[in-house]
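Just so it is clear, none of the values below were taken in a lab; they were calculated from the coordinates. Because the structure is a prediction, the values reported are computed rather than measured. FYI the Cβ positions are ideal-geometry reconstructions off the backbone, even for glycines, and counts take in every protein chain you see.
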Amino acid sequence: MSPAFNHYKLAGIILPSIAATAIVAFFLLPFPTPKQTLIILSTIVSACAAAAFLLSRPQPVYLIDYACLRPLRTCRVPFATFMEHARLCDFFDEKSVQFQMRILERSGLGEETCLPPPNHYLPPLRSLEGGRAEAELVVFSAVDELFAKTGMEGKDVDAVVVNCSLFAPTPSMADMVVNKYKMRGDVRAYNLSGMGCSAGIIALDLARQLLQVHSKSNALIISTEILSPNYYAGKTRPMLLPNCLFRMGASASLLSNHPASRRLSKYRLLHVIRTHRGSDDRSFHCVNQQEDSFGQVGISLSKDLMAVAADSLRSNITAIGPLVLPATEQLRFLLALIARRALSSSWPPYIPDFRKAFDHFCIHAGGRAVIDELQRSLRLKPGDVEASRMTLHRFGNTSSSSLWYELAYVEAKRRMRKGDRVWMIGFGSGFKCNSAVWRCVRTVDGPPNGPWDDCVDRYPVEVPEVVTFS
Amino acid sequence: MEFLALFSTIIFLHAVLVLLYNLIDKWRHRNCYLLDYVCLKPSDERKLPTNLCGEIVSRNSCLGLNEYKFLLKVIISSGLGESTYGPRNIIEGREASPTLSDSISEMDEYLFPLVDSIFLRVNQSFHLSPSSIDILVVNVSMFSPAPSLAARVINRYGFREDILVYNLSGMGCSASLISVDLIRNIFKSHKKKIALLLSSESISPNWYNGNKRSMMLGNCLFRSGGCAALLTNDPFLGGRHGKLQLRRLVRTHLGRSNEAHTCACQKEDDEGRHGFHLSRELPAAAAQAFFENLRVLAPKILPLTEIARYLLASVWKKKTTSMSTVNMKSGVEHFCLHTGGKAVIEGIGRSLGLDEKALEPARMTLHRFGNTSASSVWYVLSYMEAKKRLRKGQRILMMTFGSGFKCNSCLWVVMRDLDDCGVWEDCIKGYPPKTLVNPFFDKYGWINDPNAEVLVQKFKDGMARGEKRESLTDLI
C-alpha cells in the first residue's frame, strides 16, 4: 500500500534542507578533506536519489466531491403508472404486459423510481432531440450541483470524461458539457459509449490515467444512461427487461491530483481493476443490443447473465485480491488454489473474506438477482449489501451512476468514517467486471447533502421477494 | 574512518546509479512510436461513382428541382472521384430503411479486415499476437451499439482479460488524434505497452433521406473508410521497427462558442428524418479553431529563427495593418490534412501559405477515397509513403477538424525511409491525374436547361407508373 503521507511534501522537505545544509556548510565549515567530501557527497546524492524515487511514484488521485441527480417528483413512475402505461401502449400484447408485471413484482424496485419525460408520453417519444433534451436535463442538474458544492467553474476544469452507453450523438455529450459550462480551449474531452453499466469505472480509470500524466489538474467524470431513445416497443421477453429495470439517473464527480486538494477531498482512489471477458462468446452475447423479428431495437438480457457475472467477478477478485486482502486471506486463497491445481479440481475454491479488506461495498444495482448473487459469492452479510438494495429500491437501475447513489446512501446514513475502505463493483455488457477501491480521507459529517436528503430516514426498508399488486 | 569512507563511496555510487536509472528509464519510455498502420480498401462492388450517386439521389422522392440542382452541383464540384466507396445497403437500394444488423455488418466489414491485415503485416517483421495487445481504442463517431464495437473486436480476436479498452463515440472527424492522445497519456504512466487503434465511421444508419440542404451535404462527402494503427512505447520495438515517432500533440476545443458547437451536428429535420447538419458557420468556426490550435502548436514546432522573424514581421505589419503569415514549412516538411472537403483543404492551404505540392496528398485522398472522417489523415499519410516522399528525419504535421468544434494536430518524425504503397498500391501510378474535374460535368449541364422542371416531373411520373429508368440522364 502506498504511504499515507504525501511524498511530494517529503521531497519538498528533503531538497531544500539539503541545499540549506550545503550552503551553511560551505560557508561556515573549513574545507573538507577528500574523505569528508566523499561522505558529504554520498549523503547528498542518496538524498537526491530518494527524492527522485519518491517523485516518480504515481501521483495520488483524490475525489473532491460528487453529486447525483435528484429526479423530479413529476417524473416518478409508481407501479400502477407503469402498468397502466404498458396496457395503453398498443405495441404490447397481453402476454407482454403480464410479463412486465411479473418482472416488476420481483424486481426489488420501489414506488419512487423515475423515468425521463419522453417516456411518459403515449406512445413514448423516441427521438434524437428528445434524447438530447433528456441528456441536458440529467447531466446539467448533476454538474450544477457538483459545481455549487465545490465552488468550481467550467473554466477550472482540465478534463471531462462522459460515459453514456446507449446514446452517443455527434457532437458528443462531452462536447455538450464543454459548451454549456464554457470550458477552456485546452480542455481534454472524452466520450465513452457502448461500454455498459460498468463504464463509470472505465471513465474513472481514464481520468486517473490523465491525472498521472498532468500534475495539478482535475477531471470531471459524468456517468449516466439516456433512456428515451432506447425504449423497446416490442414483444420479445428478454428485451422487455430493460424497460422494467432501467431508471433515470446521473452522477458527476470531480477528481484531482493537486496537493492542495487533499484537505478538501473526501476519498482517495487506491486501485482500479478492469476485467474483460469479451473473448468468451457466452459472456459477449449475454447483454446484446439487437432487433427483434419486427425490426424493433432493444437490449436483450440472456438467462446466462448471473453465471457470466459470477465468472467475471471471479476473474476480477483474482486480480484485486493481492492488492487489498490481508496476508492471511491471501495465503489461504493461494493454498486453496494450489490444492485445486495440484491435487484435485473438486477441491472447493476458497472465497476470501473481503469483509476483512473493506468496510463498505457498493455493488452495481443491476437487479435483485445480481445483488443476491454477489452477496452469495462474496459471503457478505445483509448489512453489506444494504446500500445496493436500497438504491435499487429508491432509484432503480440507473446504470453506471448507481455506484455513486450507493456511496451517497452510506454517507447519508453517517456510516463513513475516515480510514474506511470502499469497494465499488460494476458489471456491464461486453462482458466486463470493473472494480474501484477508495479510502475515505475525511469523516463525512454535517447535514446530508445528496439525493437521499428527503428519504434516508425511511430507509432501510424491508423489500419483499414479491410485491403483489393487481 | 576507512570503513566510513568505503561505505560512503558505495552509497554514493548506488545513489548515482539509481538517479541515472530513473532518468534514463523515464526518457526511454516516454516516446510514442507508430509501428505500422493499414487503411481500408473495400471491395470494388462498393464503389460509388457519380452516376450511381445520381441514381441514389433520384430515388429520394421528396426532392424537387432546386434540390436536384444543389445536389448535382455539390457532387460534381466536391473533388471526389469515381472510385470512392459506400456501404452495401445504400448501393443495394436500402438507404431509406437501415436496420441495426446493416449497421453492425457494415462495421464488421470495416474493422475485422483491418485487424486481420495489421496483424498479417507486422508478423512479417516481428511476431505479434492478439494477446500482446495491452490497449485497444476504437473510435467510430456515429454508431455505438451495446456491447461496444471494441468488445466485438475483443470477442473476435481473443484479446487478454486485463486489456485496457476504450470505445470513443460522438467525437467527430478529429477522433483519431483524440485516440492517439489517449494512448500517449497511458504510455506515459506504463512501460512497454502496445496499443491498437481502430478508427472508422458508420454511414449506413446516417444516410439522410430528406430535402434539407444543409443535411444533404453529408451524403455527398462522407465515404467508407477506416484504419488500424499499432503504437508502442517500448523503446526496443519502436526503435527497431517503428515508422514514425510522435513528438507533439495539441488539442483545441471551441465548445464554449455556441455557433462553433452547433455548426456540425446530428439532427432531425422537421419531418423527423435523421441526418448530419453542416451549417454556414462551419468555415468560420474551423478557422477560429485552427488559429487557436496553431497559436499553441507553432511555438513548439517551429525553429527559433522563424518565430523571431514572425514576431518582427507582425510588429512591422501592425503599422501597415495587414496580417503576416507564419511559414510552417520551416518546421514541417509534409502536411497531412483532414480531407473534410475541397473548401477545407484550400482554406488551410491559404492560411498556412502552402503550395500545390504540399496540398497534393490531401487533394488526391479526397479524390480517391472521399471524406472518410477520422481515418482520412491516415490515407493521406499512406499516399505520401506510396509516393516515396517520406525520408528519415522529416517531419509530418497531421491536422484534423471535427464537430464540437475541435481542431487537433500532431507532429510525427519519420524514423526511416518509408516506401510501402499500402492501400494506394493499385492506383498510385495514376496519381496525380491530369484533371480532377468530374467527368460528368458536361452530362449534368442540363440541370440549367429552362425545360429542366418539365423533365424532372416527367421522370417522377414515370417512376410512379413503374417505368424502369436508369437515371435522370436517360431523359436527355
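So the values come out like this:
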{"item": "Within chain B, percent of DSSP bridges classed antiparallel, to nearest 5", "result": "70 percent"}
{"item": "Burial ordering of A:137, B:65, B:182, fewest other beta-carbon atoms within 10 Å first", "result": "B:65, A:137, B:182"}
{"item": "Which of B:207, B:378 has the fewest Cβ neighbours within 10 Å, and the rest in rising order", "result": "B:207, B:378"}
{"item": "√(5λ) per eigenvalue of the Cα gyration tensor, segment B:329-443, largest first, Å", "result": "22, 19, 13"}
{"item": "The protein assembly as shown: mean projected area of Cα convex hull, nm²", "result": "48.0 nm²"}
{"item": "Helix-derived mean residue ellipticity, 222 nm - over chain B, DSSP H n ≥ 4, -39500 (n - 2.57), to 500", "result": "-14000 deg cm²/dmol"}
{"item": "The protein assembly as shown - share of DSSP beta bridges that are antiparallel (%, nearest 5)", "result": "70 percent"}
{"item": "Segment B:132-258: projected area of the alpha-carbon convex hull, averaged over directions, in nm²", "result": "10.3 nm²"}
{"item": "Stretch gain in nm, segment residue A:339-residue A:281, where the contour uses 0.36 nm per residue and the Cα spacing is subtracted", "result": "18.0 nm"}
{"item": "Student exercise, the protein assembly as shown dipole from Lys, Arg, Asp, Glu Cβ charges, in Debye to nearest 20", "result": "3000 debye"}
{"item": "Helix-only CD estimate at 222 nm, as mean residue ellipticity for chain A, using -39500 (n - 2.57) per DSSP H run (n ≥ 4)", "result": "-13000 deg cm²/dmol"}
{"item": "Per-pair calculated FRET efficiency, R0 = 51 Å: residue A:43 and residue A:74 via Cβ, rounded to 0.05", "result": "0.15"}
{"item": "Two-site label geometry, residue B:123 and residue A:153: point separation in nm, points 7 Å out along Cα→Cβ", "result": "5.7 nm"}
{"item": "Segment B:361-416 and segment B:77-147: distance between their alpha carbon centers, rounded to Å", "result": "19 Å"}
{"item": "Segment A:61-458 - share of DSSP beta bridges that are antiparallel (%, nearest 5)", "result": "70 percent"}
{"item": "Efficiency of FRET between residue A:264 and residue B:189 - r from beta-carbon atoms, R0 22 angstrom, step 0.05", "result": "0.35"}
{"item": "Exceeding the 30 Å Cα-Cα cut-off - candidates B:47/B:212; B:388/B:434; A:182/B:329", "result": "A:182/B:329"}
{"item": "Where Rh is the Kirkwood radius over Cα pairs, Rg/Rh for chain B", "result": "1.04"}
{"item": "Inter-probe distance in nm under a simple model that places probes 7 Å from Cα toward Cβ, at residue B:296 and residue A:331", "result": "5.3 nm"}
{"item": "Positive minus negative residues near residue B:33 (Lys, Arg vs Asp, Glu; Cβ under 9 Å)", "result": "0"}
{"item": "Order of B:379, B:208, B:21 under a 10 Å beta carbon neighbour criterion, fewest first", "result": "B:21, B:208, B:379"}
{"item": "Lysines with Cα under 16 Å of residue B:192, excluding same-chain neighbours fewer than 8 positions away", "result": "B:26"}
{"item": "Residue-count net charge about residue A:328 - beta-carbon cut-off 11 Å; Lys, Arg +1, Asp, Glu -1", "result": "0"}
{"item": "Leading residue at positive end of dipole, the protein assembly as shown (Cβ point charges), from B:400, B:327, B:10", "result": "B:10"}
{"item": "Calculated FRET efficiency for the pair residue B:437/residue B:327, C-beta based, R₀ 41 Å, to 0.05", "result": "0.85"}
{"item": "Simple Cβ-charge dipole of segment A:389-460, Lys/Arg +1 and Asp/Glu -1, about Cα centre, in debye nearest 20", "result": "300 debye"}
{"item": "Under 5 Å, built H, 5+ apart or other chain: amide partners of residue A:443", "result": "A:418"}
{"item": "Estimated dipole of chain B in Debye, rounded to 20 [Cβ of Lys and Arg +1, of Asp and Glu -1, Cα centre]", "result": "1660 debye"}
{"item": "Scattering profile of segment A:61-458 at q = 0.08, 0.09, 0.10 Å⁻¹ [log10 I(q)/I(0), Debye over alpha-carbon scatterers]", "result": "-0.41, -0.52, -0.64"}
{"item": "Cα-based convex hull, segment A:46-91, per residue volume (Å³, whole number)", "result": "134 Å³"}
{"item": "Extreme residue, positive dipole direction of the protein assembly as shown, given options B:142, A:257, B:216 (C-beta unit charges)", "result": "A:257"}
{"item": "Lone cysteines, chain A (no partner Cβ under 4.7 Å)", "result": "A:48, A:68, A:89, A:164, A:197, A:244, A:286, A:362, A:433, A:440, A:455"}
{"item": "5 Å-binned pair-distance histogram of segment B:107-202 (Cα, whole percent)", "result": "3, 12, 25, 25, 22, 11, 3, 0"}
{"item": "Highest-first arrangement of A:273-279, B:146-152, where packing means the average Cβ count within 10 Å", "result": "B:146-152, A:273-279"}
